[in-house]
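Written out below as C-alpha cells is the structure these notes cover.
The values are calculated or read from the model by the stated rules, or taken from the named source; none is laboratory data. Everything numeric in this text was worked out from a predicted model, so none of it was measured. Note: ideal-geometry Cβ built from the backbone for every residue, glycine included; neighbour counts use all protein chains shown. Remember, those area values only see protein heavy atoms, side chains included, never the ligands or the DNA or RNA. Shrake-Rupley method; radii C 1.70, N 1.55, O 1.52, S 1.80 Å.
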Amino acid sequence: MYNREQLRERASSAIDKKGAIGPDINLDEFDDAPVPHSYMADEELCAIPEQDQKQLIMAGLDVTKKERGGTYFQKDTEVIHCHTQQDGIEVIPIKKALEHYDWIKDYYWKLASVDADKYTAAVELNLHDGYVIRALPGSKSVYPVQACLYLEKDGLQQNVHNIIIAEEDSELHIITGCATAPHMKRGAHVGISEFFVKKNAKLTFTMIHNWAEDMIVRPRSVAQVEEGGLFLNNYICMKPVRSLQMYPTTHLIGKDAVARFYSIIVGTPGSEYDLGGRIFLKHPGNRAEIVARTISNGGNIIARGHLIGEVPEIKAHLECRGLLLNGGLIHAIPELEGRVDGVEMSHEAAVGKIAQEEIAYLMSRGLSEDEATATIVRGFLSVDIPGLPPQLQAEIDRAIEESDKDVM
Amino acid sequence: MLQIEDLQVKLGEKEILKHIDLEIRPGETHILFGPNGSGKTSLLMTIMGYPQYEVVAGKITFKGEDITHLPIDERAKLGVGMSFQRPPTINGLKTRQMVRLCAKDEIDEETLAKQVNFEGFLDRDVNAGFSGGEIKRSELLQMMAQAPDLMLFDEPESGVDMENISLVGKTIASLLQKDLPDVETKSKMQARLNRTKMGLIITHTGYILDYVAADKGQVLYDGMLSCVSNPHEILSCVGESGYKECVRCITENN
Ligand SMILES: Nc1ncnc2c1ncn2[C@@H]1O[C@H](COP(=O)(O)OP(=O)(O)OP(=O)(O)O)[C@@H](O)[C@H]1O
Ligand SMILES: [Mg+2]
C-alpha cells in the first residue's frame, strides 16, 4: 500500500545508513536546495549554446528531437522540457505523476527499498523530480525516448526517482544520459530507478554517463521482468568521475523472462568505480547475461556480477574483460550461485594488458604503434548487443569514438 | 631490392639464424624451403621487424635503406608486407575494417574479397575462429589491399582446400607479377622489365610452384641458407632424399 507518510518515516530512519558496498559519502557536503530554472520550449532548447549541446549529445540528448519518440530534460532540480511525440508512449515528470495519477502508486518504491541506505532515503526526503516513462499495452516505440539529467550548479546534490514501465506486449527503447555542464566540477547525483517489464514486453535501456571529474554518483535501480519479457540494459561511462557505485538488481519473475546487461567503462586516474549487476533467475526458461568491458587508464575499477539460479532450466552467463592500459586497478568479482540441480551457469573473466603481438600485427599493416593501440582498444570496447535498435547502437559507437581521444 | 648480409638472429637465448645472406632483386620471387623449426618463419619475422627477433650481427637493406633496426610500421611504410602463418585474433575489429586499414587509399573490399572467396567473412572479427585455410585467405586479402613491394608469404597454401588453392595461387602470382607465362606471350622481355614486386614464399608442399613463376629456391637448414637452386629441383630432391641429404648433395655440387 502506498503511504507517503510511512515512506518518509522509513527514509528518516535510514538517513545515516551507509551503503552496502562502496566508499561512504558524506552528503552534508552537498547542497540539495532547489535550483530554479524555467521551462524551455522547442526553440529555446535548440538555442542552447553549442558547447552545452555537445555535452548533451554525448549523453544521448539530441535537442532537435529528430528520431526521438519523446524527451525528458531535467536541469539540476527542475524539469525544463518534457514531451512525447508518439502515441502509446507517456513521458511524465514523477512529481506531476504523483500528484495527478493514482496508478503511479502501484509502482513508486515497489521494487527499491526506501530505507536501503542514506542515498535512497535522501531521494525520498527531498525528491527533486525524475521521469516516468510508460509504453501502453501493445504499443511499439519507433524511436527511442530520450531522458537527460543535467547538472549545472556546482556543489549540488541532485535527487531523482525514475519509473519505467513497459506494459504487456509493448516495446520501449530509452536512451538516457547524465551529464554535467562544461564548467561544473563538483556535485552528487543520486538516482532511484524502478523498471517494470510486463508480460512479453521488451525494454531496452541505454544509459550514457558523462560526468565531471569531481562527481559522486550513486544510482539505485531494481527491475522486474514478467513472463516472456526482455530487459536489455546498457551502461556506458567513459569519462572521469570521483566515485561511482551501483549494483542494480533484476528479478526475473515469470517463465522465459530474459535480462541482459552490457557495460563499458573507462576508468581514468583519480576515478573510482564499483559497479556490476545482480540477476535472480526464478523461473524455468529464464536467461541472463552480464557482459562488462572495462579499461583502466589509471583508475580503480571493481567490476562485479552476480547471477543467482533458483530453479532448473535456466541459463546464465557472465563475462568480464578488463584491459589495463596505463596502470590503475581492475578487480573482477564474478559470482555464480546455483541453488538447485539443472542450472546452466558460466562465467569468463580476464584482466590484462594489450597483447604486444596484436599491436605488432597491425603495425605490419602500416599503422603506427599509437594507431594500432587505439584500434585494438576500440575493438575491445565494441560489443555486439543483440536486439539493440541501430540508432542506439550508433549512439554507443559514437560515445566510444568520442572518448577514443581521451583513452589514449 | 632486398639485401641481407651475414644476418645473425637470437630469439631469447636461442641462436636461430646463424648466417644468412640473401638478395632479392626487383621482380624476383624466391621460394624458401626448410624443415620444421629451421627458422623460416623467424627469418620472415626478422625482415618484417618483430623486435623479439634480435639481430646480433649483420644487416638488412631494403630499397637502399638500412632497415635492420627500423620499427615494424616504418618497414611497412617502405613497402614490406607479410602474410602470417599464425596471426593473432583481434576481437571487435571486423575483417572489413582491417582490409581498409591495410589499404593506403579507398578500396572496394567487397570486390577484393570476392577474388579470394572471402566476402562472407568481412563482418567477422579478424581471425576470430577462422579455420586454417580461412586464415590464409584472410591474410592474402590483406596483402591484396596493402599491395606492398616486398611480400613475405609464410606457407600461404598450407591448409587451403583443393577448390581454393588455385584461387590463392593465382592471386599470389598476380600480386607478385609472376603469373605463369601464357603460350602466346609476345613480349616476355617487356613483362620482365616491368616487374617491380619482390616475393619470398615459404612452402613445404611446393604447390605454389604450380602457379607462381619463381626465380630461385632457397633451403634454410641449421640456421643458414644452405643452397640456392631451381625451386622445382629442390622440391624433388627433398622429396626423394630428405633435407639432410639434399643440402649436402647440393652444397657439394657447388
Ligand atoms: N617463443 C619461442 N621460444 C622458444 N623457442 C621458439 C620460440 N618461437 C620459436 N622458437 C623456436 O625457434 C625455432 C625456429 O622457429 P620457426 O617458427 O622460425 O621455424 P619454421 O622454420 O618456420 O618452422 P615450421 O616449418 O614448422 O613453420 C624453432 O625451433 C622454434 O621452436
Ligand atoms: Mg614457420
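Residue A:24 fulfils the conditions (1) more than 28 Å from residue A:143 (Cβ to Cβ); (2) among the acidic types (Asp, Glu); (3) assigned to a helix (DSSP H, G or I) except for a single criterion, (3). Tell me yes or no: at least one residue of the range B:166-180 is within 16 Å of ligand 1 (Cβ to nearest atom) and either in a loop (DSSP other than H, G, I, E, B) or modelled with pLDDT of 90 or more (or both). Scanning the range B:166-180 turns up no residue that is within 16 Å of ligand 1 (Cβ to nearest atom) and either in a loop (DSSP other than H, G, I, E, B) or modelled with pLDDT of 90 or more (or both). Among the residues making up the range B:26-49, a single one is within 15 Å of ligand 2 (Cβ to nearest atom) and in contact with a Pro (Cβ under 7 Å, 6 or more places away or on another chain): B:31. Here residue A:330 fits the description: open to solvent by 10 Å² or more (accessible area, probe 1.4 Å), more than 14 Å from every other protein chain (Cβ to nearest Cβ), part of a strand (DSSP E or B) and over 24 Å from residue A:280 (Cα atoms). Within the option set B:161, B:105, being of a type in the set (Asp, Glu), in contact with a Gly (Cβ under 9 Å, 6 or more places away or on another chain), open to solvent by 50 Å² or more (accessible area, probe 1.4 Å) and more than 9 Å from chain A (Cβ to nearest Cβ) holds for one residue only, B:161. Considering only residues that are polar (S, T, N, Q), at the interface with chain B (Cβ under 7 Å from one of its Cβ atoms) and over 22 Å from residue B:141 (Cα atoms), which ones fall in the range A:353-382? Across the range A:353-382, the qualifying residue is only A:382. Of the listed requirements (1) over 30 Å from residue B:229 (Cβ atoms); (2) at the interface with chain A (Cβ under 8 Å from one of its Cβ atoms); (3) within 16 Å of ligand 2 (Cβ to nearest atom); (4) of a type outside the set (Val, Ile, Thr), residue B:52 misses just one: (2). Within the option set A:318, A:324, A:362, being closer than 30 Å to residue B:77 by Cβ, open to solvent by less than 50 Å² (accessible area, probe 1.4 Å) and of a type outside the set (Lys, Arg) holds for one residue only, A:362. Tally up the residues in the range B:75-101 that are within 16 Å of ligand 2 (Cβ to nearest atom) and either over 25 Å from residue B:157 (Cβ atoms) or facing chain A (nearest Cβ under 9 Å) (or both), please. Total meeting the criteria: 4.
Pull out all pairs, ordered by first then second residue, where Cβ-Cβ is under 6 Å, the residues are six or more apart or on different chains, the first lies in the range B:14-25 and is within 15 Å of ligand 2 (Cβ to nearest atom), and the second is modelled with pLDDT of 95 or more and basic (Lys, Arg). As it stands, the answer is none, since no pair meets every condition given. Looking only at residues of the range B:136-153 that are more than 12 Å from every other protein chain (Cβ to nearest Cβ) and within 16 Å of ligand 1 (Cβ to nearest atom), we find that the one that is nearest to the chain's Cα centre (by Cα) is B:153.
Inspect the range A:113-121 for any residue being open to solvent by 70 Å² or more (accessible area, probe 1.4 Å) and either part of a helix (DSSP H, G or I) or closer than 18 Å to residue A:145 by Cα (or both) and give the result as yes or no. The answer is no; no qualifying residue exists. Residue-level analysis places residue B:29 among those that are among the hydroxyl-bearing types (Ser, Thr, Tyr) and more than 10 Å from every other protein chain (Cβ to nearest Cβ).
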